[in-house]
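Working notes, structure below.
The values are calculated or read from the model by the stated rules, or taken from the named source; none is laboratory data. Note that the structure is a prediction, hence the values are computed from the model and not measured. Cβ sites come from the backbone with ideal geometry, for glycine too, and all protein chains shown count toward neighbours. Surface areas here come from the heavy atoms of the whole protein model, side chains and all, with no ligands, DNA or RNA. Shrake-Rupley method; radii C 1.70, N 1.55, O 1.52, S 1.80 Å.
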Amino acid sequence: MARPVFYDLNVYSAPEGKNTIEELAAFSSRLEFGGIAIINPSGSSQPVKAKKVHGFEVFSGVEVRVDNPSRLHGMVGKYRKNTDIIVVRGGSENINRAAVENSNVDILCGFGSMKDNGLNHVLAKSASDNNVAISFDLGEVIVHRGGKRVRTLSNFRKDLALVRKYNVPFILTSNARSCYDLRAPRELIALAGLFGMTKEEAVYGLSTIPESIISRNRPSSKYVFEGVEIVDGMPGDATVEGDGQ
Amino acid sequence: MKVLPPTMRENKRYLAFELIAEGNSIISRDELIREIFSASGSLLGDFGSSECNIWLFAFDNNKGVISCNREHVSQARAVMATITNVKGKRVLFHVLGVSGTVLGATKKYLEGVDVFNPEEQSHINE
């Protein structure tokens, strides 16, 4: 089996975080990531352009923070054309709801709170239908201690049960605001193990789902529409036809 | 006294790691030990820590080897991931590899490896 390529899709650079994109790219490539996405919040600055830093992939992204669900759709539409990843920071019930019902949204993060895991069967079903990934923010497990961490882990456990039941896409992320908040993929897998996620699931959330999000938003020339792409024609075939996959 | 028969010995794994520290400062062994046990006590508790049996085997120049119980490597990694700073200096604990012997861990993952220096990032051009 080929070695999976890992991605961290929630990383903040300056001015929101502390470090420049070049520093973050250097750290992440040392930690053996295949790519990171910079998701500075909308409004604070222009979204970062996607680029390659010494052969390391940096994807452009934006984090949409709104308090009003009706503004969410407008914001998402505005950024959809020129960014790879659109993340919505949830929090309240109605924002979470609006985010999972919009198939243009890629990732919903920060949906839980201290009292509540944020996700329920209705949101999970709709996230699964609209292909909106749920983000497990492992940074919270790293920085908090004691009661807060206990709450976070038990919330993640509930989220994971819903994710398994409704087959919701999910990603694992460090939600890093500086270079030192990043964690290597294997460490993230170990942290996910703390709330009962198996290694296979964790690899899926760190590699397969981020890849599918990126390929969905960066269509190659062979892409037709969701689920259909042109593969190479059979040898000896006169006409090269599109083949459903 | 006779030595403990091999079948009765605890099975261990050795984790080779590097410590990427802010400003490329050198971290002392005692400070790191304190931080590791505090992190392990906080995440796993006394009971979990006794099962996991984390021990700082060797540490020099921000590179080292940690030993832990064979069945609890993933927990040990999780503990290491929760270390955020040592004596006020922000650090990133990066596990380079896991091996069944100290020699294997040192030879395969540590020999000739330079600790990542956050100050200069020229190495990514190689």
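Structure summary
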item: Radius 13 Å from Cβ of A:Val163, net charge of other residues (Lys, Arg +1; Asp, Glu -1); result: +3
item: Residue of A:Thr83, A:Thr173, A:Thr198 that the Gaussian network model of chain A assigns the largest fluctuation, springs spanning Cα pairs under 10 Å; result: A:Thr198
item: Residue list for the range A:55-87, given a label point 7 angstrom along the Cα-to-Cβ vector of A:Asn94 and an amide N cut-off under 11 Å; result: A:67-71
item: Alpha-carbon gyration tensor eigenvalues x 5, square-rooted, for chain A, Å; result: 28, 21, 20
item: GNM result for chain A, Cα springs below 10 Å: residue of A:Val231, A:Val62, A:Val53 fluctuating most strongly; result: A:Val231
item: With Cα atoms, 0 to 90° folded angle of helix A:21-30 axis to chain A main axis; result: 80 degrees
item: The range B:11-118: C-alpha gyration tensor shape, a/c 1.5 cut-off, then a/b vs b/c; result: oblate
item: For B:Arg90, distant residues with modelled amide H under 5 Å away; result: B:Glu22
item: Theoretical ellipticity at 222 nm over chain A - DSSP helices of four or more residues, -39500 (n - 2.57) apiece, nearest 500; result: -10500 deg cm²/dmol
item: The range B:89-101 - phi-based ³J(HN,Hα) in whole Hz, Karplus 6.51/-1.76/1.60, Gly and Pro as x; result: 8, 6, 10, 10, 8, 10, 6, 8, x, 10, 9, x, 10
item: GNM result for chain A, Cα springs below 10 Å: residue of A:Ala190, A:Ala98, A:Ala124 fluctuating most strongly; result: A:Ala190
item: Whole-number percent relative contact order across chain A, with pairs defined as alpha carbons under 8 Å at least 6 apart; result: 18 percent
item: Peptide-level mean, for B:71-81, of C-beta atoms on other protein chains within 10 Å; result: 5
item: Exercise: per-residue mean of other protein chain Cβ atoms within 10 Å, A:180-187; result: 6
item: Projected label distance in nm at A:Thr20 and B:Ile26, using a 7 Å step from Cα toward the beta-carbon; result: 3.0 nm
item: Net charge, A:Gly43 excluded, C-beta distance under 13 Å - Lys, Arg +1, Asp, Glu -1; result: +1
item: Summed side-chain charge close to B:Asn62 - residues other than B:Asn62 whose Cβ falls under 14 Å, Lys, Arg +1, Asp, Glu -1; result: -1
item: J(HN,Hα) series, the range A:156-161, from Karplus relation 6.51 cos²θ - 1.76 cosθ + 1.60, nearest Hz, glycine and proline x; result: 4, 4, 5, 4, 4, 4
item: Sequence of A:Tyr7, B:Tyr109, A:Tyr12 when ordered by accessible area, the most exposed leading, probe 1.4 angstrom; result: B:Tyr109, A:Tyr7, A:Tyr12
item: Percent RCO, i.e. relative contact order, over chain B, from Cα pairs under 8 Å lying at least 6 residues apart; result: 40 percent
item: Theoretical gain in end-to-end length, A:Lys165 to A:Glu32 [0.36 nm per residue, Cα-Cα removed]; result: 44.7 nm
